[in-house]
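The values are calculated or read from the model by the stated rules, or taken from the named source; none is laboratory data. These figures come from a predicted structure and were not determined experimentally. Cβ atoms come from the backbone with ideal geometry, glycine included; neighbour counts cover every protein chain shown. Just the protein is used for accessible areas: all its heavy atoms, side chains included, with ligands, DNA and RNA removed. Shrake-Rupley method; radii C 1.70, N 1.55, O 1.52, S 1.80 Å.
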Amino acid sequence: MSALQPARGTRDLIGEDARRHFHVIETARRIAAVWGFDEWATPVFEDTRVFARGLGDTSDVVMKEMYTFADRGGDSITLRPEATAGICRALVSNGLTQTLPQKVFYTGPMFRYERPQKGRYRQFHQIDVEVLGSPEPLADAEVIACGWTILQALGVAKDVTLELNTLGDKASRDAYRAALVDYFSAHKSSLSEDSLARLERNPLRILDSKDEGDRHVVAGAPVIDPHLTPDAARFYDGVRRHLTHFSIPFVENRRIVRGLDYYSHTAFEFVTSALGAQGTVMGGGRYDGLVEEMGGPHTPCIGWAAGVERLAMLLAAPPAPPAPVAVIPVGEAAEAAAIGVLQVLRAAGIRAEAEYRGNLKRRMERANRAGARAAIILGDDEIARGVAQLKNLASGMQSEVKLAELAAKLG
RNA sequence: GCGGACGUAGCUCAGCUGGUAGAGCGCCAGGUUGUGGUCUUGGAUGUCGUGGGUUCGAGCCCCAUCGUUCGCCCCA
């Protein structure tokens, strides 16, 4: 037990955990491709300014959760806490603001120095879908619909609800923010300590509070609707309309707020009650100002990120590992022949393993434990006649098959 | 960062009011000649998370520390 363990908040992906994890990523990748998204990859670490600038200096992620350090050259480097800022930086760095829109699929590890919990790790993984450079509400609906399709393909949609909100444009948000500050300031005595701090930094977040007392105050808080500018209201209408065209069920929730500062207009979360405190499984929104923060032109964008670990936990059953065919040589001469058979099967795309330890009984046991669907038994007698014994391990049926026909028979 | 629970073989766990560790599963090897899944016999494995303390003696008591977990916070 004194052996080295993975660092706090990190974990190894092996066996079923690995199968769940990669099933989520592969499913998302496949569907995003069909929806017209191209996969990008950007560096795992970036100049600290990419995140400090992008995410906003009031967010907890920037203030106390980043893995930031000086590298050997003295530059301030940060392990990315999320993907979007790096994607926007890459858009600008590569001059792609000239060829918009860009539809991007992304997956990879992210890093946040948090207190670990189930569904919350210091190294965790996200899948992301972003449309860069598209100001139309149709883009919002398409991005959300793509996410919903992925959740359906994973079989978790039944446990998940789409909650939708608008944060309005900057004018709307500023007006609403002022109204909230007024309201909450008048109710300071009823607010929790946490919310008093939020009143200074990010009053919108109070709407999200789980504190019993806060909720009473929040119930009477102003809503954003009367503060929406005509443009912002029209935009939100468009998003809702297109979502129904995509046949995506959603509920409106005026308390949805995004954690990072770059969001405006559309905000949404796919939530579940199946994961305790980590209920948000996919979340995103519109961020029209982020590319400018990275030094590019004004570029309206919309996207979401989903936690791979959380989705993996929601999967009912992990996909079964592919069943191999076991090749079992009996005797020394047969080992050479077995290698030939392995080559042929694998070249034909058939997962195949050799079992060559112990007596035949052991080899069969191993084949069975490996989950093999069939065993190919090769002895001197068979080799001399150019055949093999092919045994179906599920039915127990065994028959003699010509070596040349094995691959076709098993394909 | 705050509060609660937990930490014993690879895994799941048991261990009575303190007397130097057990089960099931798994693993390894057998049950005679080239055939698995059932059955059966035998075997290996733990510095009882770590470090201190109390005691004649601690897996069981106390303290600290690390880790996991639940809630808060935050967020995917």
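Structure notes:
- Residues in region A:183-196 that are free of Cβ contacts under 8 Å to residues at least 24 places away in the same chain and either farther than 15 Å from A:VAL257 by Cβ or away from RNA strand B (no atom under 16 Å from the Cβ) (or both): A:SER185, A:ALA186, A:LYS188, A:SER189, A:SER192, A:GLU193, A:LEU196.
- Of the residues A:ARG115, A:ARG122, the single one that is farther than 16 Å from A:ALA32 by Cα and either surrounded by 21 or more Cβ atoms within 10 Å (Cβ to Cβ) or in contact with a strand residue (DSSP E or B) (Cβ under 7 Å, 6 or more places away or on another chain) (or both) is A:ARG122.
- Against the numbered list (1) part of a loop (DSSP other than H, G, I, E, B); (2) open to solvent by less than 40 Å² (accessible area, probe 1.4 Å); (3) more than 13 Å from RNA strand B (Cβ to nearest atom), A:PRO322 comes up short only at (2).
- Subset of region A:93-112 [open to solvent by 40 Å² or more (accessible area, probe 1.4 Å) and among the aliphatic types (A, V, I, L, M)]: A:LEU96, A:LEU100
- Condition met for A:ALA221 (assigned by TED's automatic domain parsing to the domain that holds A:GLY147 and touching a helix residue (DSSP H, G or I) at 6+ places or on another chain (Cβ under 9 Å)): no
- Inclusion of A:ALA233 among residues that are of a type outside the set (Ser, Thr, Tyr), open to solvent by less than 10 Å² (accessible area, probe 1.4 Å) and assigned by TED's automatic domain parsing to the domain that holds A:THR161 is not warranted.
- Members of region A:125-137 that are among the charged types (D, E, K, R), farther than 22 Å from A:ASP17 by Cβ and open to solvent by less than 20 Å² (accessible area, probe 1.4 Å): A:GLU130
- Taking residues in region A:359-371 that are among the aliphatic types (A, V, I, L, M) and open to solvent by 70 Å² or more (accessible area, probe 1.4 Å), and partners anywhere that are outside any helix (DSSP H, G or I) and more than 6 Å from RNA strand B (Cβ to nearest atom), the pairs with Cβ atoms closer than 9 Å and at least 6 places apart or on different chains are A:LEU360/A:ILE328.
- Candidates in region A:309-322 are the residues that are over 15 Å from A:VAL160 (Cα atoms) and among the hydrophobic types (A, V, I, L, M, F, W, C); of these, the one that is farthest from the chain's Cα centre (by Cα) is A:ALA320.
- If only residues of region A:266-304 that are part of a strand (DSSP E or B) and open to solvent by 20 Å² or more (accessible area, probe 1.4 Å) are counted, the one that is farthest from RNA strand B (Cβ to nearest atom) is A:VAL271.
- Helices (runs of 4 or more DSSP H) enclosed by region A:35-129 - at least 1 residues per element that are within 16 Å of RNA strand B (Cβ to nearest atom) and more than 29 Å from A:ALA145 (Cα to Cα): A:48-55, A:60-64
Here's the yes/no breakdown for (1) open to solvent by 60 Å² or more (accessible area, probe 1.4 Å); (2) part of a helix (DSSP H, G or I); (3) not charged (D, E, K, R):
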residue	(1), (2), (3)
A:ARG198	no, yes, no
A:ARG205	yes, yes, no
A:ASP214	no, yes, no
A:VAL223	yes, no, yes
A:HIS242	no, yes, yes
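- Checked against (1) touching a Gly at 6+ places or on another chain (Cβ under 6 Å); (2) farther than 21 Å from A:ILE14 by Cα; (3) crowded, with 22+ Cβ neighbours inside 10 Å, A:VAL330 passes all but condition (3).
- In region A:1-41, the qualifying residues are those that are among the charged types (D, E, K, R) and at pLDDT below 95, and the one that is farthest from the chain's Cα centre (by Cα) is A:ARG8.
- Residue under evaluation A:GLU163, criteria (1) in the same structural domain as A:HIS245 (by TED's automatic domain parsing); (2) under 25 Å from A:ALA233 (Cα atoms); (3) away from RNA strand B (no atom under 12 Å from the Cβ), criterion not met: (3)
- Only residues that are part of a loop (DSSP other than H, G, I, E, B) and either among the acidic types (Asp, Glu) or within 12 Å of RNA strand B (Cβ to nearest atom) (or both) were counted in region A:348-368, giving 4.
- The number of residues in region A:372-400 being open to solvent by less than 90 Å² (accessible area, probe 1.4 Å), within 7 Å of RNA strand B (Cβ to nearest atom) and among the aliphatic types (A, V, I, L, M) comes to 3.
- A:ASP140 satisfies every condition listed in (1) open to solvent by 40 Å² or more (accessible area, probe 1.4 Å); (2) outside any loop (DSSP other than H, G, I, E, B); (3) more than 11 Å from RNA strand B (Cβ to nearest atom); (4) more than 30 Å from A:ALA18 (Cα to Cα) except (1).
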